[in-house]
Amino acid sequence: MNTQTLFNARYRIASALGVPETDVRIIQTAVGGGFGGKSCDDNNALVAAVLAKKARKPVKLINTREEEFLAGCRPRVFMKINVKMGFKKDGHIRAKELKVIADNGAYSAKAPAITGVAAMRHDTCYKYSDVKIEAKLVYTNKVPTGAFRGFGNPSAEWAVEQAIDLGAHALGIDPLELARINAAEVGYVSPHGNRVTSCELKQCLDRVEEMIDWKAKRANKQPNTGLGLACTVHVSGKRHFGDYDGSSATIKINEDGKALILSGEGECGQGVHTAMCAIAAEELGVPVEDVEISRADTDLTTFCLGAFASRLTYVSGNAVKNAATNVKQQLFEQAAEMLEANPQDLISRDGKIFVKGAEGKSLTVSDVARARLFRHNGAPIVGSGSFDADSVLPDATRFGNESGAYNYGAQAAQVQVDPETGQVKILQFAVASDCGTVIYPLGAEGQVEGGLAQGIGYALIEGLQIDEGRPINPNFSDYRIPSMRDMPPLQHTFADSYEPTGPFGAKGLGELNMDPTAAVINNAIFDAVGVRVKTLPITPEKILRALKEKG
Amino acid sequence: MKQTIRVTVNGRVYQEDVEPRILLAHFLRENIGLTGTHIGCVVGECGACSVLLDSKVVKSCLHFAVQADGREITTIEGLAKDGELNPVQEAFVKNYAFQCGYCTPGMVMTSYALLQTNPNPTEAEIRKALAGNLCMCTGYVQIVDAVKEAAKQQSTAKV
Amino acid sequence: MIRFDYQEPTTLKKAFSLLEKHGDDARVIAGGTSLLIMMRQRLLMPKVVISLTRIPKFDRITYKPNDGLRIGAGACHRDIELSPPVKKHYPLLHETFRKVAQPRIRNMGTIGGNLAAGDPLTDPGASLIALDAEVTLTSSKGQRTVRLDEFFVDYYQTALEAGELLTEIHVPPPERPGWSHIKFTPRSIEDFATVGVAITVKTSDGTCEDIRLGLNSVASTIVHAKKAEAVLRGKPITEAALREMAEVASTECEPTDDNRGSAEYKLDLIKVLVRRAAEEAVQRAS
């Protein structure tokens, strides 16, 4: 099934069909990227299920791309945001007032949660003491909206990070300095209770400053060229579906010593499976090649929430680590018998188990697994683990701690604007991300690069055009997405960081770098030519019109 | 009214009766059973359906199967030989040049075709050649890295 | 996709007899890149589709110094882009065809298909007009030659009559050494042009001896901006003259609002891009 949240999908279909959950089996196959669009808001699966039940035959229902645009796409929640910010003369933020009007579309799926995120998520980015937010969600006769990477945060950061930029200009303080003055730090608690347990935002600012050569470029400003900056914060999972933001996993050791992780979390290309194998391998002390992971299948794997809110590395990573700890314990108990030693004195490294200091006499994981199994009262080595983030479900007044860990980042860009056509060229982009320990570097890089590409699309290229409720550009000829030649030269880096509650210090990353990109670009355009487009996408036409109005 | 066509796909000859309206992409997937060629947009924009037609890369969603009568097609399934991945495929794996994998067959086919005619492309040439292959996941950086590496591997292999 | 019959005539004569037999029920196909999309959207619903790809020598490209370039209608964009005589003698065309869509489309789409569709958003037409191209229209009754700037009649309508096929494009020997091509795409580089400008110019001693200006995506057909040309032809080339020419060019266009820009914006762009293209062409001419 086309989903990134299997157990949620199972629940939805079971409810629709009026049957117990265990009568429905969801198996995840490779169906392309999700980005939130496959978190159970679509109706095709339900329709197919109802028809299959009636026909007593398999039913497949696939939208054409056009149908996907017209009926299935669940576009991002469109919002109008008014920001008012107060600063002290020294640059400290004194207060923030936000008014949000969000467009739900015809039917409500995740829009309430998305509006909530837009209203409040950014409070965790800087040290705010006083905030006042009013957010309204409105039904409209348009295509129903849904979740998409960032989940309201891109909209919020588009508005607030530009307000900060405006503040910097009004105060006569360099935007990077202003960000430094206000950046969140470890120990910060946001006005609604989000607790920051690791934060390298300042380090990220230092890194982008270096990568883009901020000081020198600002001192040597060229005509029609400008620099822009924005900071970003995102969650590593979100306590939202009941009082649970957790995951579970089972690991079994096969007779050949290879480990298999059974997990129901939704891999749709982010590389989370590789990360989980790496975490399990690290904990078990085996080569990562000796760890495999199953397909997600609601019949065979235990409950978990799926891919959203950048949760997988942190939440399921922890569950996998706990399962691995359990399995290691069993391995050590068995190995201890065989080596006539104490389980506490054992080490596992590169697939070998031995007594500390006596590496010469070691057992392979396979030796141990077989010995445990092939004997009187034998049993396989298999263990489970679960993890629920130490977060607090926000109450009716929105007070709580929505996530177990927060990830941070900074982005900067240099742009050149053609004042006669309004055309924007991004000369350089620099990105620094704080995702704690980087478990799988290639995968993490892919998330940064992919997130930024979508951010550029969101800022400059994409735009669903609606006329009387209908999308009028429902195909890839008229709705463009960034192509290879639209991508700017990019430098990016990961901060040295460690999240104490994360698996080996890791926390989330997937959505972080889509959130601030539009604001970065618009701040840079303002620095270049002194105009600020207020609506997305930022088109050359809007820039030219603004330049003409400016005179 | 159905027509009989003969096409060679990955070196094997197929004779099939098809309606003229069947797209080449659907023909490959449903009649021949080679589902490696993906359909992303059906308007020729995304490139997920790219295949080689007589060694030119084309978008199989903009082609009727009947137009391919008598011609040779190579799909993604035809690149690996005797279980060994083609250098382009190897480079994609090594560089993590795919995430969800949907655009990947098209990317690989286009990269493969590029290196056949331009064994040492610059980054700009790579980006231009692959311009018609869209990807939502990767941001393209690791794909470009993979093509550069494949080019290097192929030239080392030739020496 | 609608149902249809598919025919592959092996000679032009057979193609004509099929066209006569089926009349309005038939459409010809070569590459198919635009026909297929229009059929999927049910904008065109032919009962018979006649492929021209089996007709021998239909895609031939030849060049003779005293005659110029002759391109068979079946030549695909990629062949024209890569053709050595095009690269050598018609750099404007080489540059234009490099920018048409992307390589995969250029491998499939043909110049004949492109021109015969009469789509004002596509690139080749403006450049060919700037090179005084003419097209040969053939039917079972004979042949006639039409100047390309008279071939485009209206939105998706050309001078092709029932039973006629566009069989050849003739580009005379190049007479104006200065050239420029601008394809302005504000969103993705891979988009259709919001405004496209093609210009050829011949100068001597700072005076414009001759000039041709073509624009696409700015009206219901591809535009040959004759009034704008007249502003500069025979006159000294000054910044003011180029600006005036660009202003007049914008009056010869009738852009519409669409998802690539408003009409007002396109008019602003025309004034800027025509001037810039002219500046570049003049520089190349000297």
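The values are calculated or read from the model by the stated rules, or taken from the named source; none is laboratory data. Note that the structure is a prediction, hence the values are computed from the model and not measured. Every residue, glycine among them, receives a Cβ derived from its backbone with ideal geometry; neighbour counts consider all protein chains shown. For the accessible areas, the whole protein counts, side chains as well, though only heavy atoms, and no ligand, DNA or RNA atoms are used. Shrake-Rupley method; radii C 1.70, N 1.55, O 1.52, S 1.80 Å.
Ligands, DNA and RNA are left out, and with a 1.4 angstrom probe the accessible area of chain A is 40 Å² per residue.
Per residue, the average separation of C-alpha pairs within less than 8 Å and at least 6 apart gives segment C:61-170 a relative contact order of 28 percent.
Only helices enter the 222 nm calculation for chain A: every DSSP H run of n ≥ 4 contributes -39,500 (n - 2.57), and dividing by all residues gives -9500 deg cm²/dmol, rounded to 500.
In terms of distances greater than 32 angstrom between alpha carbons, the cross-link table entries C:K57/C:K87; A:K80/A:K550; B:K128/C:K226 yield B:K128/C:K226. Of the trypsin sites (Lys or Arg not before Pro) found in segment A:343-377, those in coil by DSSP whose Cβ has at most 11 other Cβ atoms within 10 Å are A:K356, A:R375.
Shown here for segment B:1-60: trypsin sites (Lys or Arg not before Pro) in loop regions (DSSP other than H, G, I, E, B) with at most 15 other Cβ atoms within 10 Å, namely B:K2. Relative contact order of segment A:59-207: 26 percent, from C-alpha pairs under 8 Å at least 6 residues apart in sequence. Projecting the Cα atoms of C:S51, A:V59, A:C277 onto the dipole axis of the protein assembly as shown, where Lys and Arg carry +1 and Asp and Glu carry -1 at the beta carbon, places C:S51 farthest toward the positive end. For segment C:171-190, state which residues have at least 30 Å² less accessible area in the presence of all protein chains than in their chain by itself, taking the probe as 1.4 Å and leaving out ligands, DNA and RNA. When all protein chains are present, C:F184, C:P186, C:R187, C:S188, C:I189, C:E190 each give up 30 Å² or more of accessible surface. Here segment A:221-316 is treated with +1 on each Lys and Arg Cβ and -1 on each Asp and Glu Cβ, and its dipole about the Cα centre works out to around 680 debye. Using θ = phi - 60° in the Karplus curve 6.51 cos²θ - 1.76 cosθ + 1.60, the 3J(HN,Hα) couplings for segment A:428-438 round to 7, 10, 10, 9, 10, 10, 10, 10, x, 5, 8 Hz; x is entered for Gly and Pro. Here A:K99 is the anchor, and the aspartates and glutamates within straight C-alpha reach of less than 16 Å, apart from those fewer than 8 places off in the same chain, are A:D123, A:D130, A:E134, A:E157, A:E161. Note on chain A: with neighbouring protein chains present and a 1.4 Å probe, carbon and sulfur make up 52 percent of its accessible heavy-atom surface.
On association of chains A and B, roughly 2300 Å² of accessible area becomes buried (total for both chains; probe 1.4 Å).
Could you tell me which residue out of C:F16, C:T238, C:T158 lies farthest along the dipole of chain C toward its positive end? Charges go on the beta carbon: Lys and Arg +1, Asp and Glu -1, centred on the Cα centre. Result: C:F16, furthest along the dipole toward the positive end. Taking Cα centre as origin and charging only the Cβ of basic (Lys, Arg, +1) and acidic (Asp, Glu, -1) residues, the dipole magnitude of chain A rounds to 1360 debye. Seen from a random direction on average, the alpha-carbon convex hull of the protein assembly as shown projects onto 45.8 square nanometres. Counting protein heavy atoms only, chain B has 49 percent of its accessible area on carbon and sulfur, 1.4 angstrom probe. For segment A:514-531 versus segment B:50-69, the spacing of their alpha-carbon centroids is 43 Å.
Between 0 and 90 degrees, the angle of helix B:104-117 with respect to the longest Cα principal axis of chain B falls at about 70 degrees.
Summed over both chains, the contact between B and C buries some 2500 Å² of accessible surface at a probe radius of 1.4 Å. The mean accessible area for residues of chain B, using a 1.4 Å probe and ignoring ligands and nucleic acids, is 40 Å² per residue. Between A:S483, A:T493, A:G469, the Cα set farthest toward the positive side of the dipole of segment A:418-551 (charges on each charged residue's Cβ, about the Cα centre) is that of A:G469. From the square roots a ≥ b ≥ c of the eigenvalues of the alpha-carbon gyration tensor of segment C:5-51, which class results: rounded (a/c under 1.5), prolate (a/b over b/c), or oblate? Taking the square roots of the gyration eigenvalues as a ≥ b ≥ c, segment C:5-51 is oblate. Buried surface between chains C and A: roughly 1900 Å² of accessible area, summed over both sides, computed with a 1.4 Å probe on protein heavy atoms only. Think of a 1.4 Å ball rolled over the protein heavy atoms: segment C:1-112 then has 46 Å² of accessible area per residue.
Between helix A:111-120 and chain A there is an angle of about 70 degrees, using the helix long axis and the longest principal axis of the Cα atoms. Counting alpha carbon pairs within less than 8 Å and at least 6 residues apart, what relative contact order, in whole percent, applies to chain A? Worked out over chain A, it gives 18 percent. The trypsin sites (Lys or Arg not before Pro) of segment A:195-230 meeting both criteria, a DSSP state outside H, G, I, E and B (loop) and at most 13 other C-beta atoms within 10 angstrom of the site's C-beta, are A:K221. Rounded to the nearest 20, the Cβ-based charge dipole of the protein assembly as shown about its Cα centre (Lys and Arg +1, Asp and Glu -1) stands at 1200 debye. Can you classify segment C:1-106 as rounded, prolate or oblate using the Cα gyration tensor, where a ≥ b ≥ c are the square roots of its eigenvalues, rounded means a/c under 1.5, and otherwise it's prolate if a/b beats b/c and oblate if not? Oblate. Entry note, chain C: the mean residue ellipticity at 222 nm calculated from DSSP H runs of n ≥ 4, each adding -39500 (n - 2.57), is -10500 deg cm²/dmol after division by the residues and rounding to the nearest 500. Spatial offset of segment A:56-70 relative to segment C:197-221 amounts to 50 Å, using the alpha carbon center of each.
What residues have an amide H closer than 5 Å to that of C:G109, excluding those fewer than 5 places away on the same chain, when H is modeled at 1.01 Å from N in the peptide plane? Those qualifying (amide H under 5 Å, at least 5 residues apart or on another chain) are C:H77. Ligands, DNA and RNA left out, the accessible area of chain C computed with a 1.4 Å probe is 48% carbon and sulfur.
Considering only B:A97, B:A124, B:A80, the mean-square fluctuation computed in a Gaussian network model of chain B, springs between alpha carbons under 10 angstrom, is largest for B:A124. Distance from the Cα centroid of segment A:384-418 to that of segment A:125-191 is 12 Å (rounded to whole angstrom). Residue by residue along B:59-69, Cβ atoms of other protein chains within 10 Å of the local Cβ number 6 on average. Against chain A, whose longest principal axis comes from its Cα atoms, helix A:153-171 is set at around 50 degrees.
Which entries in the list A:K57/A:K142; A:K215/C:K183; A:K534/C:K183; A:K136/A:K548; C:K14/C:K47 go over 25 Å, if you measure between the two C-alpha atoms of each? Beyond 25 Å: A:K57/A:K142; A:K215/C:K183; A:K534/C:K183; A:K136/A:K548. Averaged over B:98-105, how many beta carbons belonging to a partner chain fall within 10 Å of each residue's beta carbon? Rounded to a whole number, the mean comes out at 5.
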